[in-house]
Amino acid sequence: MTHPKRGLRRNLTAYGDEEFSLFLRRAFVKAMGYTDEALERPIIGITNTYSGFNACHRTVPELIDAVKRGVMLAGGLPVEFPTITLHESFAHPTSMYLRNLMAIDAEEMIRAQPLDSVVLIGGCDKTVPALLMGAASAKVPAILMVTGPMLTGHHKGERLGACTDCRRFWARFRAGEIDDQEINEVNAKLAPTAGTCMVMGTASTMALCAEAMGMMLPGSAAIPAVMAERMRNAEATGARAVAVAKERLTPDKVMTPQAIENALRVLLAVGGSTNAIVHLAAIAGRLGFAVDLDGFDRMGRETPVLVDLKPTGQHYMEHLYEAGGLATILRELKPLLHGNALTITGKTLQENVDEARVPEKQDVVRPRSNPIFGEGGIAVLRGNLAPDGAIIKQAAATASLMTHTGRAVVFESLEDLADRIDDAALDVTADDILVLKNAGPKGAPGMPEAGYIPIPRKLAQAGVKDMVRISDARMSGTAFGSIVLHVAPESAVGGPLALVQNGDRIRLDVPQRRLELLVDEAELAARRKRWQAPKRSEEDERGYRKLFLDTVQQADLGCDFDFLAPKVTMRIPGTR
Ligand code: FES
């Protein structure tokens, strides 16, 4: 007789007679062709996140084959099942709007089915956080793997990568520097293989953070998608999933406050995507922890950017892989990490690093004595324009704009932005500050990556490459510029951003971490009185959209739904 909570006996369908439920389940599972012998093994679920609309997950079918092989070799029974999958370019209005839906799907499917452990296959930006959020809430032993980054393409002798170079070439096209034919040629070369964007975008950042958090096998994050080693990594992940099931290694045992702090540290040191702070806050929230943005900022002051990767540096993920991957970064960060955090290998983070290969010579990960940028990539701003915080990716910004006072040029919505940004009559100069409202979690909805407000065409054509831009939106991790994001509370719920008018003066002071609207309090109070919340449409009152609008939280809380996270028991980072 198997343990009542193992294998097919887990999570029985409720007929009021457990033995009958098991009898029926065995009848149907036999229709899949399994023998009794196979069904006595630990059952290892595998999330199938393949979709014809997800290029970043093109290799998932062959990865699943390799995972299955690993599970079988280790004595388990692999069973794949579908979950929602999300690709950045195939999710309207934005993948962030659907991240929580994927997290709910993953959680409920993991919980509903008789799995002793689960292999989570993520890759494209929102998939890794969604799977980790779901697994954390499902409380079933789980191990993550990613599809891995793409290899780079080439154009006229230079390397090209999605999607930092997508934006760079698009900006050149908008400025009239390259023609239709060349932009089309570039378009065909930006994403030359299967896999995730190969710059330090959200996918690469979340893969490295997840490995730092201990949820993946050591070395997993940076292996390119199309390499044979990626398949061997999948086989090893499958084998480890069987041990994880036997050891009952549930996500809460690995994603501890120390492990999440390690991930925050890595986010800062890799010059990672601003999206990752939202996702890590959401993952932490599922475990009862809150990310303290001011504490995160303090970590940033002592954590330099070490990784020389686009968009803040020059290399791509394939170079980080050759340079030893995450282990090389962790070696440099050793005094700043919780090396004793348990990982999915059953060993500590430091033990994993000690076992990893040391590259002979590399120039992708700098020593702490010679960083790419002296502080962490992301700074947290406060002030009367962002009482609950805003962030800026200072490592990818223009140094001379980090202390800047300018006149606000305001766009009330994404539609307003699209209508007027390229209008030749737009009253705007390079010293102005572009402000976008109603693009936050509830405003857009879904907090799209619209924070990378384009430079108005007439200024771009005059050679302007960067301006201060402020919004409650997000920005792709592959983008760059002097861009203030995630302003909280957002304008759609009446945050101070809603009160900004054309011509107001705004002061950005990144060294002092301040963001101030230079309008006196009496005037702001009068504007607040006149402010009206955006009207909800008929479409806003039904289905997932209603659930989203009613319950999504602000950026500083990870944009999770308010009913999905338990009560906060601890703030991260704690005192060291
Ligand atoms: Fe999937 Fe960039 S679009 S990782």
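Here is how the numbers come out for the structure above:
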| item | result |
| --- | --- |
| Computed accessible area, SER369, all protein chains, 1.4 angstrom probe, square angstrom | 110 Å² |
| Contour excess over end-to-end distance, with Cα ends at THR35 and GLU108 and 0.36 nm allotted per residue | 23.6 nm |
| Label-to-label distance, nm, for residues given as LYS334 and PHE28 (7 Å Cα→Cβ offset) | 5.4 nm |
| Peptide ranges 169-181, 476-488, 243-255, 200-212 listed from the most packed, as the mean C-beta count within 10 angstrom indicates | 200-212, 476-488, 243-255, 169-181 |
| The chain: antiparallel DSSP beta bridges as a percent of all, rounded to 5 | 40 percent |
| Order of exposure, largest accessible area first, which applies to HIS57, HIS154 with probe 1.4 Å | HIS154, HIS57 |
| Coarse-grained scattering of the stretch 224-360 at q = 0.10 Å⁻¹, given as base-10 log I(q)/I(0) from a Debye sum over alpha-carbon atoms | -0.37 |
| Rounded tilt (10° steps) of 60-73 against the dominant C-alpha axis of the chain | 30 degrees |
| Low-density loop cleavage sites - chymotrypsin sites (Phe, Trp or Tyr not before Pro) in the stretch 15-110, where at most 12 other Cβ are within 10 Å (DSSP) | TYR15, PHE53 |
| Size-normalised alpha-carbon gyration radius of the stretch 37-117, reference 2.2 N^0.38 Å | 1.23 |
| Theoretical gain in end-to-end length, ARG9 to ASP388 [0.36 nm per residue, Cα-Cα removed] | 131.8 nm |
| Probe 1.4 Å, all protein chains present, accessible-area order of ASP354, ASP509, largest first | ASP354, ASP509 |
| Share of carbon and sulfur in the accessible heavy-atom surface of the chain [1.4 Å probe, %] | 53 percent |
| Heavy-atom accessible area ranking, 1.4 Å probe, most first, across HIS92, HIS155 | HIS92, HIS155 |
| Heavy atoms of GLU235 accessible to a 1.4 Å probe, total area in Å² rounded to 10 | 60 Å² |
| Under-5 Å amide H pairs with VAL291, H placed in peptide plane, nonlocal only | ILE572 |
| The chain: calculated mean residue ellipticity at 222 nm from DSSP helix runs of at least 4, using -39500 (n - 2.57) | -10500 deg cm²/dmol |
| Residue-normalised accessible area of the chain, expressed per residue, 1.4 Å probe, Å² | 39 Å² |
| Loop sites in the stretch 497-548: chymotrypsin sites (Phe, Trp or Tyr not before Pro), DSSP, at most 13 other Cβ within 10 Å | TRP531 |
| Distant-in-sequence amide H partners of GLY148 (H built 1.01 Å from N, under 5 Å) | THR196 |
| Distance between the stretch 97-173 and the stretch 49-81 - C-alpha centres, whole angstrom | 14 Å |
| At most 11 other Cβ within 10 Å, DSSP loop - GluC sites (Glu not before Pro), the stretch 279-377 | GLU360 |
| Cα-based helix-to-principal-axis angle, 521-530 vs the chain, degrees rounded to 10 | 70 degrees |
| Scaled radius of gyration (Cα, divided by 2.2 N^0.38 Å) that the stretch 411-510 gives | 1.01 |
| Karplus (6.51, -1.76, 1.60) ³J(HN,Hα), θ = phi - 60°, over the stretch 424-438, in Hz, Gly and Pro reported as x | 4, 8, 4, 7, 8, 10, 5, 7, 6, 10, 7, 10, 10, 9, 6 |
| Local electrostatic count at HIS315 - Lys and Arg +1, Asp and Glu -1, tallied over other residues with Cβ under 12 Å | -1 |
| Euclidean distance between Cα centres, the stretch 308-325 to the stretch 474-546, Å | 35 Å |
| Overall Cα dimensions of the stretch 1-150 - principal axes, largest extent first, Å | 48, 33, 24 |
| Cα-based Kirkwood hydrodynamic radius, the chain, one decimal, Å | 24.4 Å |
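The values are calculated or read from the model by the stated rules, or taken from the named source; none is laboratory data. Quick caveat: nothing in here was measured; it's all calculated off a predicted structure. Cβ sites come from the backbone with ideal geometry, for glycine too, and all protein chains shown count toward neighbours. Accessible surface areas use protein heavy atoms only, side chains included; no ligands, DNA or RNA. Shrake-Rupley method; radii C 1.70, N 1.55, O 1.52, S 1.80 Å.
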